[in-house]
1. Residues of the stretch 82-132 being touching a residue at least 40 places away in the same chain (Cβ under 8 Å), outside any helix (DSSP H, G or I) and surrounded by fewer than 16 Cβ atoms within 10 Å (Cβ to Cβ), which ones?
2. Pick from the stretch 37-68 the residues that are basic (Lys, Arg) and part of a helix (DSSP H, G or I): which of them is surrounded by the fewest Cβ atoms within 10 Å (Cβ to Cβ)?
3. Return only the number of the condition from (1) hydrophobic (A, V, I, L, M, F, W, C); (2) surrounded by fewer than 11 Cβ atoms within 10 Å (Cβ to Cβ); (3) over 16 Å from the mean Cα position of the chain (by Cα) that residue 34 does not satisfy.
4. Does the stretch 87-122 hold any residues that are under 11 Å from residue 55 (Cα atoms) and of a type in the set (S, T, N, Q), and which are they?
5. Filtering the stretch 53-72 down to residues that are over 10 Å from residue 87 (Cα atoms) and among the aliphatic types (A, V, I, L, M), which residue is modelled with the highest pLDDT?
6. If you go through the stretch 109-119 one residue at a time, do you hit one that is at positive phi and out of contact with any strand residue (DSSP E or B) (no Cβ under 6 Å at 6 or more places or on another chain)?
Amino acid sequence: MENIITIIAQSKEILAALVALIMFAIISYKQIMAELARKEAAAKVELKNIVTGLITKAEEKPNEILQSLVNKPEVPLHISNPTAEVKENLVLTALQERNPGLLKKAKLKDVPAILSFIANVYQGAKPIISLIRKK
């Protein structure tokens with residue numbers, strides 16, 4: 001009888017230890033995922049600042065961006081009147097060349113995702129760009 005009581009007590013202790021271990025694993029997983037999300041958000045904020053600068057430079061002096069690129073997009077060597085698509089291509093190429101690690105941290109791995117990010121930043125930067133155009 002005492003053996004049965006001892007086995008039941010031990011099984012309760014083992015069960016409590018397993019529950020504690022599972023709870024620790026779940027909490028650790030959530031903390032890791034929160035940290036990864038925080039790093040992704042920080043990378044996106046930094047990228048937003050970089051893209052805003054590139055967009056304003058593409059609006060003012062697209063040829064400077066074009067001349068600084070290593071892998072030039074399929075546009076002429078001198079841009080006299082760039083379209084929005086050409087400017088977007090310049091920003092995309094410059095971003096891919098200069099900040100590939102930051103793009104990876106922000107989980108922007110393919111061109112459509114990067115272009116979507118650039119378009120979102122552009123929507124926020126429209127007032128700045130309209131002020132630049134008025135000058």
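1. 107
2. Among them, the one singled out is 38.
3. (3)
4. 89
5. So, considering only residues that are over 10 Å from residue 87 (Cα atoms) and among the aliphatic types (A, V, I, L, M), the one modelled with the highest pLDDT is 69.
6. no
The values are calculated or read from the model by the stated rules, or taken from the named source; none is laboratory data. On a predicted model such as this, the values are computed, not experimentally measured, just so you know. Quick reminder, even Gly has a Cβ in these numbers, built from the backbone with ideal geometry, and neighbours come from all protein chains shown.
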